[in-house]
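The values are calculated or read from the model by the stated rules, or taken from the named source; none is laboratory data. No experiment lies behind these values; they were computed from the predicted model shown. Virtual Cβ from ideal backbone geometry, glycine too; neighbours counted across all protein chains shown.
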């Protein structure tokens, strides 16, 4: 029997949590979240095929960049201004991965710092070849996008 | 002899008796069982926390069967738009429905263009805002880039200028 002390009864310090609704709520949440869960992280890479973008309309001195594939391990970068090629860079390596890393360093050190000045690339265009697969094309887009070249188009080549 | 709550044998015979008693005790099965509520609630809470962390409210697109998407280091969020898929077997699908063989479609694009125009006109009927001209393009990573670029050219001529290439984010 509980011993009375003072005027009021002494409250029990141990509170019991009603587990049934708690487990109900948790199981409902688990079911809902499992059904709506997305296990594959799908993203997108935007391609703007139209000519004349917002970037090219700005008054800054801007250049265009053409990426012309010869084969998966060899490509040419043409830096253009007002439609005329001002400088070309050849990229060639033993495999595709090393070609991409070489292209990345050329874009960073030579293209974006043309004549030791930081330049802006308004649009980039990729000319694919049939020997270059879609996975390689996405890797090329990755290199350009990681160097903050956003307006990228892909030429719809026939044959080759 | 009992040491710290457990039986300890002093000689070989006593050891044998203790072992026999233990073996008998193992044979007896409990009639009822108790659910370990604490561990179950712990497991549920951890599951809920993990699933809530991985929850995403951004739109998702279905990846067609027979397509292995390429990986990308710079992916953006997927936008809700019609999905055009180029399979490894050479078939072209629009919103999971077969349009035809990609090579034939590139030579004679009228079938695809009609379907794309239908999407545009349906949009105009149900929306007051202008058509966003966006389309999601899925292609297998082994598909030739010229095939993809030819399809892109067709989409551009069909006034779908903003093409979202579906990739798997790392």
Looking at the stretch A:111-134, can you tell me whether even one residue there is assigned to a helix (DSSP H, G or I), within 13 Å of another protein chain (Cβ to nearest Cβ) and closer than 19 Å to residue A:49 by Cα?
yes
Could you list, in sequence order, the residues of the stretch A:59-73 that are surrounded by 16 or more Cβ atoms within 10 Å (Cβ to Cβ) and farther than 15 Å from residue A:137 by Cβ?
A:62, A:63, A:64, A:65
Report, by residue number, each residue of the stretch B:158-170 that is facing another protein chain (nearest Cβ under 7 Å) and in a loop (DSSP other than H, G, I, E, B).
B:161
Among residues of the stretch A:37-49, those that are without any contact (Cβ under 8 Å) to a residue 40 or more places away in the chain and either in contact with a helix residue (DSSP H, G or I) (Cβ under 8 Å, 6 or more places away or on another chain) or more than 7 Å from chain B (Cβ to nearest Cβ) (or both), counted:
3
Any chance you could count how many residues in the stretch A:1-49 are part of a loop (DSSP other than H, G, I, E, B), under 30 Å from residue A:143 (Cβ atoms) and modelled with pLDDT of 75 or more?
4
Any idea which of B:86, B:101, B:67 is at pLDDT 90 or above and within 12 Å of another protein chain (Cβ to nearest Cβ)?
B:86
Could you say whether any residue in the stretch B:133-150 is more than 24 Å from residue A:140 (Cα to Cα) and either in contact with a helix residue (DSSP H, G or I) (Cβ under 6 Å, 6 or more places away or on another chain) or buried (at least 20 other Cβ atoms within 10 Å of the Cβ) (or both)?
no
Within the stretch B:19-48, can you find the residues that are assigned to a helix (DSSP H, G or I), modelled with pLDDT of 80 or more and surrounded by 10 or more Cβ atoms within 10 Å (Cβ to Cβ)?
B:37, B:40, B:41, B:42, B:43, B:44, B:45, B:46, B:47, B:48
Just the residues that are surrounded by fewer than 18 Cβ atoms within 10 Å (Cβ to Cβ) and in a helix (DSSP H, G or I), please, taken from the stretch A:135-149.
A:146
Which condition number does residue B:123 fail, the rest of (1) away from chain A (no Cβ under 14 Å); (2) buried (at least 20 other Cβ atoms within 10 Å of the Cβ) being met?
(2)
Going through the stretch A:102-134 in order, the residues found to be buried (at least 22 other Cβ atoms within 10 Å of the Cβ) and without any contact (Cβ under 8 Å) to a residue 40 or more places away in the chain are A:134
(1) more than 7 Å from chain A (Cβ to nearest Cβ); (2) not in a strand (DSSP E or B): which one isn't true of residue B:146, the others all being true?
(1)
Going by what's in this entry, would residue B:155 be described as facing another protein chain (nearest Cβ under 9 Å), under 25 Å from residue B:74 (Cα atoms) and part of a helix (DSSP H, G or I)?
yes
